[in-house]
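The structure appears right after this line, and notes come after that.
The values are calculated or read from the model by the stated rules, or taken from the named source; none is laboratory data. Quick caveat, the model's predicted, so the values are computed rather than measured. Cβ placement follows ideal geometry from the backbone for every residue including glycine, while neighbour counts extend to all protein chains displayed. Ligands, DNA and RNA are excluded from the accessible area calculation, which covers all protein heavy atoms including side chains. Shrake-Rupley method; radii C 1.70, N 1.55, O 1.52, S 1.80 Å.
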Amino acid sequence: MGNTYKNILENTNFEPNSDWLQIKTIDMHTGGEPLRVIVGGFPELKGKNILDYRRYCKEHYDHLRTALMFEPRGHADMYGCLLLPPNDEDGDFGILFLHNEGYSTMCGHAIIAISTLAVQMGWVETSNGHTELKIDAPCGRITSFVEVENGEVIGVRFHCVPSFVVGLDKKVQVEGLGEVHYDLAYGGAFYAYVDLQKNNLPLELSTNAYRDLIAHGMAIKHAVMQQDTEVVHPFEEDLGFLYGTIFIDGSNKPEVDSRNVCIFAEGEVDRCPTGSGVSGRMAIHWARKEILPGETMTIESITDSTFKGSVVQELDYGPFKAVIPQVEGTAYITGMHTFVLDPKDPMKKGFILR
């Protein structure tokens, strides 16, 4: 055996210089959609609640968001979260969502993943049955329930914030596509829902149409942003923006009710069925009387992963008739990382090529 190779086997630990920032993460996925959970090394954020922390991070540490989400540490479709104190003593923890464009208001796949991780890491006491977590997101408090059997997590369901329909069967003119029919709804974030069966769009919801989905989804998103003045949250100005476009179509599987693909942020394609998007869909289906109390819908994604959606409560929310949706899914750990930022690295803040 050569001396160099022997040295390699005996020395696999790297010690960064003292002026290098080190950030520890646990990486996961929910239905194929990545989640990079930051668990150490991120500077302390100042504020009194999650929206305060969100503003502070954007103003002072946005370069760390890009460093962790962008290449060479991430990629154009990377997603992450930062764990923070809850808004009050009744909460378990707060969560800030990160992606290629900035900071989203709600993320269902992250809630499913972080709830799974909380049990697997022993951050909360568990027993057979379900463990309840109260998580403060930018959109409000999310309650999740982790199902545990013999010490193993078998799934997570969460109750989203009040979700509501802003308008059904709305129309927008999109350059290159003409008139597009869509529903506008909120499930912790605002989405334009475009049913392919109601629109003559040259699309299929498959990986073969990946780039076309991005192009058409972003074109519709920008058109709605320019033409629709109703993307306004009734209580919080910071939540009043269109997050993405969700395309809907049928499924060829008898056990699946429908398929959807979400194009969000700056052209990210959700690999999972989109928890906040499914929440908004529950509000739409409830308004159309397409789902009834006690019924469940199974919705699949571009990767064929599935979430189950249902409605657990109807309530008034400002001027809207809203529902509390329930979304169910599973998540898995994929790795543990210690990322370092060398201050001399000219690409330390990251970059994106798509």
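Is one or more of the residues making up segment 45-59 open to solvent by 50 Å² or more (accessible area, probe 1.4 Å), in a loop (DSSP other than H, G, I, E, B) and among the charged types (D, E, K, R)?
There is at least one residue in segment 45-59 that is open to solvent by 50 Å² or more (accessible area, probe 1.4 Å), in a loop (DSSP other than H, G, I, E, B) and among the charged types (D, E, K, R).
Give Glu255, Glu237 a once-over and let me know the one that is at pLDDT 95 or above, of a type in the set (D, E, K, R), open to solvent by 60 Å² or more (accessible area, probe 1.4 Å) and farther than 19 Å from Gly167 by Cβ.
Glu255
Quick test of your reading of the structure: Lys24 fulfils all but one of (1) buried (at least 16 other Cβ atoms within 10 Å of the Cβ); (2) in contact with a strand residue (DSSP E or B) (Cβ under 6 Å, 6 or more places away or on another chain); (3) in a strand (DSSP E or B). Name the failing condition by number.
Among (1) buried (at least 16 other Cβ atoms within 10 Å of the Cβ); (2) in contact with a strand residue (DSSP E or B) (Cβ under 6 Å, 6 or more places away or on another chain); (3) in a strand (DSSP E or B), Lys24 violates only (1).
Return yes when Ala223 is open to solvent by 40 Å² or more (accessible area, probe 1.4 Å), in a helix (DSSP H, G or I) and aliphatic (A, V, I, L, M) and no when it is not.
Working: open to solvent by 40 Å² or more (accessible area, probe 1.4 Å): no; in a helix (DSSP H, G or I): yes; aliphatic (A, V, I, L, M): yes.
No, not satisfied.
State all residues of segment 122-141 that are out of contact with any Ser or Thr (no Cβ under 9 Å at 6 or more places or on another chain) and either closer than 14 Å to Ile38 by Cα or open to solvent by less than 10 Å² (accessible area, probe 1.4 Å) (or both); if no residue qualifies, say none.
Passing the criteria: only Asp136.
Scan segment 169-206 for residues that are surrounded by 13 or more Cβ atoms within 10 Å (Cβ to Cβ) and among the polar types (S, T, N, Q) and jot them down. First the steps, then the outcome.
Step one: list which residues in segment 169-206 are surrounded by 13 or more Cβ atoms within 10 Å (Cβ to Cβ), which gives 170, 172, 174, 177, 180-196, 198-199, 201, 203-206.
Residues satisfying the conditions are Asn199, Ser206.
Consider only pairs whose beta carbons are under 8 Å apart and that are at least six residues apart or on different chains; among these, list those whose first residue lies in segment 1-16 and is assigned to a loop (DSSP other than H, G, I, E, B) and whose second residue is modelled with pLDDT of 85 or more and β-branched (Val, Ile, Thr).
Between residues of segment 1-16 that are assigned to a loop (DSSP other than H, G, I, E, B) and residues that are modelled with pLDDT of 85 or more and β-branched (Val, Ile, Thr), the close pairs are Pro16/Val340.
Quick one: how many residues across segment 296-331 are in contact (Cβ under 8 Å) with a residue 60 or more places away in the chain, closer than 28 Å to Glu204 by Cβ, open to solvent by 60 Å² or more (accessible area, probe 1.4 Å) and assigned to a loop (DSSP other than H, G, I, E, B)?
1
Taking segment 155-168 on its own, how many of its residues are open to solvent by less than 20 Å² (accessible area, probe 1.4 Å) and either charged (D, E, K, R) or under 22 Å from Tyr317 (Cα atoms) (or both)? Working first, answer last.
Quick first cut of segment 155-168, residues open to solvent by less than 20 Å² (accessible area, probe 1.4 Å) only: 155-156, 158, 160-161, 163-164, 167.
Pick out the ones that are also either charged (D, E, K, R) or under 22 Å from Tyr317 (Cα atoms) (or both) and you get 158, 160-161, 163-164, 167.
Total meeting the criteria: 6.
If a residue has to be open to solvent by 30 Å² or more (accessible area, probe 1.4 Å) and either under 18 Å from the mean Cα position of the chain (by Cα) or acidic (Asp, Glu) (or both) to count, how many in segment 144-154 make the cut?
3
Report every pair of residues separated by at least 6 positions or lying on different chains whose Cβ atoms are under 7 Å apart, first residue within segment 66-90 and without any contact (Cβ under 8 Å) to a residue 60 or more places away in the chain, second open to solvent by 10 Å² or more (accessible area, probe 1.4 Å) and of a type in the set (Lys, Arg).
Note: pairs meeting the criteria are Met78/Arg36; Gly80/Arg36; Asp90/Lys134.
Out of the residues in segment 227-274 that are more than 14 Å from the chain's Cα centre (by Cα) and of a type in the set (Lys, Arg), which is farthest from Ala322 (Cα to Cα)?
Once the filter is applied, the top-ranked residue is Lys253.
Mind checking which residues of segment 332-352 are assigned to a loop (DSSP other than H, G, I, E, B) and within 22 Å of the chain's Cα centre (by Cα)?
Selection gives Gly350, Ile352.
When you scan segment 267-278, do you find a residue that is assigned to a strand (DSSP E or B), touching a residue at least 40 places away in the same chain (Cβ under 8 Å) and open to solvent by less than 60 Å² (accessible area, probe 1.4 Å), even just one?
Step one: of segment 267-278, the residues assigned to a strand (DSSP E or B) are 268-269.
Going one step further and asking which of them are touching a residue at least 40 places away in the same chain (Cβ under 8 Å), we end up with 268-269.
Then drop every residue that is not open to solvent by less than 60 Å² (accessible area, probe 1.4 Å), which leaves 268-269.
Yes, segment 267-278 contains at least one residue that is assigned to a strand (DSSP E or B), touching a residue at least 40 places away in the same chain (Cβ under 8 Å) and open to solvent by less than 60 Å² (accessible area, probe 1.4 Å).
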